[in-house]
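The values are calculated or read from the model by the stated rules, or taken from the named source; none is laboratory data. As the structure is a prediction and not an experimental result, all values here were calculated from the model. In this analysis, Cβ positions are derived from the backbone assuming ideal geometry, glycine residues included, and neighbour counts consider all displayed protein chains. Just so you know, the surface numbers come from the protein's heavy atoms only, side chains and all, with ligands and any DNA or RNA stripped out. Shrake-Rupley method; radii C 1.70, N 1.55, O 1.52, S 1.80 Å.
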Amino acid sequence: MNNPWRTLASRVVYSNAWIRVREDQVIRPDGAQGVYGVVEIRPSVGIVAINERDEMVLVGQWRYPHGKLTWEIPRGGSHEGETEMLAVARRELREETGVEAQCWESLGATDVNNGVTTDTEHLFLATGLTLHAPRHDPEEQIAIRWLAFETALEMTMRGEFPECCTALAILKLGLMRRRNP
């Protein structure tokens with residue numbers, strides 16, 4: 001399918017260290033003029049880190065936009081100029097949980113809320129873990145817990161992980177295990 005949208009003009013209406021909000025003047029697919037808002041976010045990562053007891057590490061964080069604590073896989077965004085997502089994943093796992101991994105496998109990437117944002121999250125499986133002290137960013141307050149992978153899979157099926165990348169990564173790994181036990 002060819003792109004039915006045409007961009008006439010574009011301007012940045014807001015920017016901070018994590019996001020940039022762009023407003024585009026467009027010709028819509030129906031031929032009428034309109035405005036399309038885009039939230040530009042640098043690529044991000046999410047990591048399913050599994051220890052030798054088949055437990056995965058989860059981080060609990062207060063999510064301001066939703067006003068609640070959620071448990072998620074370790075996740076985070078790339079910094080300006082970072083293009084190697086595996087290096088970003090290694091950094092984020094160590095910062096948030098203190099965990100380092102010897103073995104890494106890609107679980108693919110997913111576009112997050114692709115009607116509004118440019119965020120693509122790259123998902124990884126990390127194994128061969130060693131534990132160290134976490135090094136949280138100053139704005140982070142993170143709790144850490146370990147959960148049996150099968151329990152996490154069941155919780156995902158019950159909708160107990162509302163964050164989409166966490167749910168997707170757990171389901172993908174569960175399906176991979178089913179296909180290759």
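Observations on the structure shown:
- Here is what passes the span test in the chain: the DSSP H helices with alpha carbon length of 15 Å or more along the helix axis and a Kyte-Doolittle mean of -0.5 or above are 164-179.
- Estimated FRET transfer efficiency when R0 is 25 angstrom, pair Ala143-Leu175 (beta carbons, to 0.05): 0.30
- Between region 36-91 and region 97-174, the alpha-carbon centres lie 6 Å apart.
- Accessible area (Å², per residue) of the chain, counting only protein heavy atoms and a probe of 1.4 Å: 59 Å²
- Given 16 as the ceiling on other Cβ atoms within 10 Å, longest exposed-site-free region of the chain for GluC sites (Glu not before Pro) in DSSP loops: 85-138
- Dipole size of region 1-68 about its Cα centre, with +1 on Lys/Arg Cβ and -1 on Asp/Glu Cβ: approximately 300 debye, rounded to the nearest 20.
- Estimated from helical segments only, the mean residue ellipticity of the chain at 222 nm is -6500 deg cm²/dmol, where each DSSP H run of four or more residues counts as -39500 (n - 2.57).
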